[in-house]
Amino acid sequence: MAARLTPLKPETREQILAFIRAGAFPNVAVEAAGVPRELYQQWIEAGEKRQAREPYRRFVRDVRKAIATARILQERALYEQDPKFWLAHGPGKETADNPGWTGEVRPISLETALARLGPARPEWETIVATIRRALADHPKASQAVAEALSGMTD
């Protein structure tokens, strides 16, 4: 026979959710609300079951929502305080499984772009050498040519 689950009182539920929304980790929030971690874990497990009953199913959903709310508030504060850091380290950062805004874009060199075009015919060697010399003192122009040539291979 399964042990009876200690009821989740509405006022305890609201206090836990308020602490989480304010930025507390869930385990800290429940302890601040006077709830043992083990009991909180039982409530979460009860709410995650396939046929979860109320109020535990709603509690799990609301805990996740409170966690997301706290994270949004902190991300927004960081974004406003230091947007460059936020882009490089926050949710905008590109990862393998999460496209973001800050995937590192490395400029392509003229040599790399030319190499991607494949081996040059002998008559082009003179033209390529002339282009390299002409662009040697103009890095922005060299970059623009490299990007244009790179587009020819895409």
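Looking only at the range 18-42, residues that are surrounded by 19 or more Cβ atoms within 10 Å (Cβ to Cβ), aliphatic (A, V, I, L, M) and not in a loop (DSSP other than H, G, I, E, B) come to 3 in all. With respect to the conditions (1) part of a loop (DSSP other than H, G, I, E, B); (2) modelled with pLDDT of 75 or more, residue 145 lacks only one, and its number is (1).
Just one of the listed residues (70, 88, 66) is out of contact with any Gly (no Cβ under 6 Å at 6 or more places or on another chain), of a type in the set (A, V, I, L, M), surrounded by 12 or more Cβ atoms within 10 Å (Cβ to Cβ) and at pLDDT 90 or above, and it is 66.
The values are calculated or read from the model by the stated rules, or taken from the named source; none is laboratory data. Worth saying up front: this structure is predicted, and the values here are computed from it rather than measured. Positions of Cβ are generated from backbone atoms using ideal geometry, with glycine treated the same way; all protein chains shown enter the neighbour counts.
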